[in-house]
1. Could you run through region 105-114 and say how many residues are surrounded by fewer than 16 Cβ atoms within 10 Å (Cβ to Cβ) and either of a type outside the set (A, V, I, L, M) or within 18 Å of L19 (Cβ to Cβ) (or both)?
2. Out of region 207-243, which residues are of a type in the set (S, T, N, Q) and touching a Lys or Arg at 6+ places or on another chain (Cβ under 6 Å)?
3. For region 305-362, name all the residues that are among the polar types (S, T, N, Q) and closer than 30 Å to D259 by Cβ.
4. Does S97 satisfy the condition of being assigned to a loop (DSSP other than H, G, I, E, B), among the hydroxyl-bearing types (S, T, Y) and in the same structural domain as V26 (by TED's automatic domain parsing)?
5. Within region 152-210, work out how many residues are of a type in the set (D, E), over 23 Å from the mean Cα position of the chain (by Cα) and either surrounded by 14 or more Cβ atoms within 10 Å (Cβ to Cβ) or within 19 Å of W286 (Cα to Cα) (or both).
6. Out of the residues in region 342-362 meeting the condition of being touching a residue at least 24 places away in the same chain (Cβ under 8 Å) and not in a helix (DSSP H, G or I), tell me which one is nearest to K309 (Cα to Cα).
7. Name the single residue that is farthest from the chain's Cα centre (by Cα) among those in region 38-83 being assigned to a loop (DSSP other than H, G, I, E, B) and of a type in the set (A, V, I, L, M, F, W, C).
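The values are calculated or read from the model by the stated rules, or taken from the named source; none is laboratory data. All values reported here derive from a predicted model rather than from experimental measurement. We place every Cβ from the backbone using ideal geometry, glycine too, and count neighbours over all the protein chains shown.
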Amino acid sequence: MNKAFKFRLYPNAGQKVLLIRTFGCVRFIYNRMLADKIAHYETTMRNKRVTPAQYKAEFTWLREVDSLALANVQLHLETAFRNFFRDKSIGFPKFKSKHRGYNSYTTNLVNGNIALTGGFIKLPKLGLVRIKQHRQVPDDYRLKSVTVSLTPSGKYFASLLYDYESEVVTVKPVDVLGLDYSMAELYVDSNDESPKYPKPYRVAQTKLAKEQRKLSQRKKGGSNRAKQKLKVARLHEHIANQRSDFLHKQSRQIANAYDAVCIEDLNMKGMAQALHFGKSVSDNGWGMFTRMLGYKLSEQGKQLVKIDKWYPSSKTCSSCGAIKDELPLSERIFRCCECGFVCSRDYNAAVNIRKVGLRMLA
């Protein structure tokens, strides 16, 4: 099994220069290989295999950075092409912009070129870089690769990927929970409970709009614009960290308390576009929450059960099983015309999702 540990980096001035250069080389080689593959295909209608080594003779400055970082660019590009031909909805590989805020590169462990020791991490070409190690890595974990990243707010991080052996014992599902997506509270469960979602974007929306308005008024290329851009980036990062922290804690509580969790397999991107609730759906972070819940359950031998998104969970009475013909989204209370059962619309759906999930687990 694989597990990643993310630590904050504190490079010195010289190391920062080399990191920025590596990010630039990685972006350049990706764009150059993509352009050559496109041009070759348009001419010959065949795929062209390209490697970073082919460009080092012409662009000698590519030799100044980690060669494994460039080699991983080739793997990422090939993966992007395979994903596109497997599923056209993913989209054709795009060129990487020089002006995007987030930068990263990945390098592999070869002959001890990467090591984590005494508050420092040893990286190829960089040497020892100071690191904030907030948690210990078990001795039996084997390091595979490191991804170094730079956030728009100017922070450096190292994500260390480890491989480890673990025997996961499958847990027999006894305590099963059903979750129905809720735009306001993140979810309503089959126990008629819901978390108090902090809504970090909505809370900070007024302040963010004010800072973005200031940014739009700054002169391009000026130092004041650069300072304001950094301020906006830090505010965005704070919002994302708040959301991630809440979702991690909530998913951990559920994964520890239940043997299986049942949810609907929703298309959140399509829902945001169809219902014109893009901000609320994005601020909710349901997709991120289900991914966290999925891997935390699987680590303990538990299951995340996804039922068909077309199942009428909201229209079906959880008491008698009767299905309504129509149920407007504005109607938040479910009233069964057959048996007279009355409850919250979301709670009714959560109970139905749990029932279907139990049948799938049986």
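1. Kept after step one, since they are surrounded by fewer than 16 Cβ atoms within 10 Å (Cβ to Cβ), are these residues of region 105-114: 110-113.
Among the residues that remain, those that are also either of a type outside the set (A, V, I, L, M) or within 18 Å of L19 (Cβ to Cβ) (or both) are: 111-113.
Residues meeting the conditions: 3.
2. First, the residues of region 207-243 that are of a type in the set (S, T, N, Q): 212, 216-217, 223-224, 228, 241-242.
The answer is N224, Q228.
3. Kept after step one, since they are among the polar types (S, T, N, Q), are these residues of region 305-362: 313-314, 316, 318-319, 330, 344, 348, 352.
Correct list: S313, S314, T316, S318, S319, S344, N348, N352.
4. Details: assigned to a loop (DSSP other than H, G, I, E, B): yes; among the hydroxyl-bearing types (S, T, Y): yes; in the same structural domain as V26 (by TED's automatic domain parsing): yes.
Considered against the rule, which asks whether it is assigned to a loop (DSSP other than H, G, I, E, B), among the hydroxyl-bearing types (S, T, Y) and in the same structural domain as V26 (by TED's automatic domain parsing), S97 comes out as yes.
5. We begin by selecting, within region 152-210, every residue of a type in the set (D, E); these are 163, 165, 167, 175, 180, 185, 189, 192-193.
Okay, now just the ones that are also over 23 Å from the mean Cα position of the chain (by Cα), so 165, 167, 175, 189, 192-193.
Now restrict to residues that are either surrounded by 14 or more Cβ atoms within 10 Å (Cβ to Cβ) or within 19 Å of W286 (Cα to Cα) (or both): 189, 192-193.
Qualifying residue count, region 152-210: 3.
6. Going residue by residue through region 342-362, those that are touching a residue at least 24 places away in the same chain (Cβ under 8 Å) are 343-358, 360-361.
Within this subset, residues satisfying the condition of being not in a helix (DSSP H, G or I) are 343-344.
Values: C343: 22, S344: 20 Å.
Filtering region 342-362 for residues that are touching a residue at least 24 places away in the same chain (Cβ under 8 Å) and not in a helix (DSSP H, G or I), the one nearest to K309 (Cα to Cα) comes out as S344.
7. A57
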